[in-house]
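What follows is a short report on a single structure.
Taken together, the values in this text are just the output of simple stated rules run on the coordinates, not laboratory data. Computed from a prediction, not measured in an experiment: that's the story for all the values here. Here the Cβ positions follow ideal geometry from the backbone for every residue, glycine too, while neighbour counts run over all protein chains shown.
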Amino acid sequence: MSADEVRQDLLAWIVANATQPCAIEDIHSDVSMCDAGYIDSIRGADLLAHIERRYAVRVEEVELVGRLQTLDELVAHVAGGSHE
């Protein structure tokens, strides 16, 4: 899948599962998803399970508050096929 397809899928997932109701246009892809309130620890684990099922890419939970905390970073990781 292309980065654009991954981005659209993850955006749709975040909007459908966000801790606070929001629209796709309300999501800022360059800020921490946790700090912005899009996901919390439970939804973060659910998001990572979605990514692993859909893309066969495993992401450790700690990375959502580390190097993959923004949607831009997460999309690049998933679309790039980095399976660390």
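Of the listed requirements (1) in contact with an Asp or Glu (Cβ under 9 Å, 6 or more places away or on another chain); (2) without any contact (Cβ under 8 Å) to a residue 40 or more places away in the chain, Arg7 misses just one: (2). Residues that are hydroxyl-bearing (Ser, Thr, Tyr), surrounded by 18 or more Cβ atoms within 10 Å (Cβ to Cβ) and farther than 18 Å from Asp4 by Cβ within segment 33-74 comprise just one, Tyr38. For beta carbons closer than 6 Å, sequence separation of 6+ or different chains, a first residue in segment 54-83 that is within 12 Å of Asp30 (Cβ to Cβ) and a second that is assigned to a helix (DSSP H, G or I), the qualifying pairs are Val75/Ala3; Val75/Val6; Val75/Arg7. Only a single criterion out of (1) exposed (fewer than 12 other Cβ atoms within 10 Å of the Cβ); (2) charged (D, E, K, R); (3) within 16 Å of Glu73 (Cα to Cα) is not satisfied by Glu25, namely (3).
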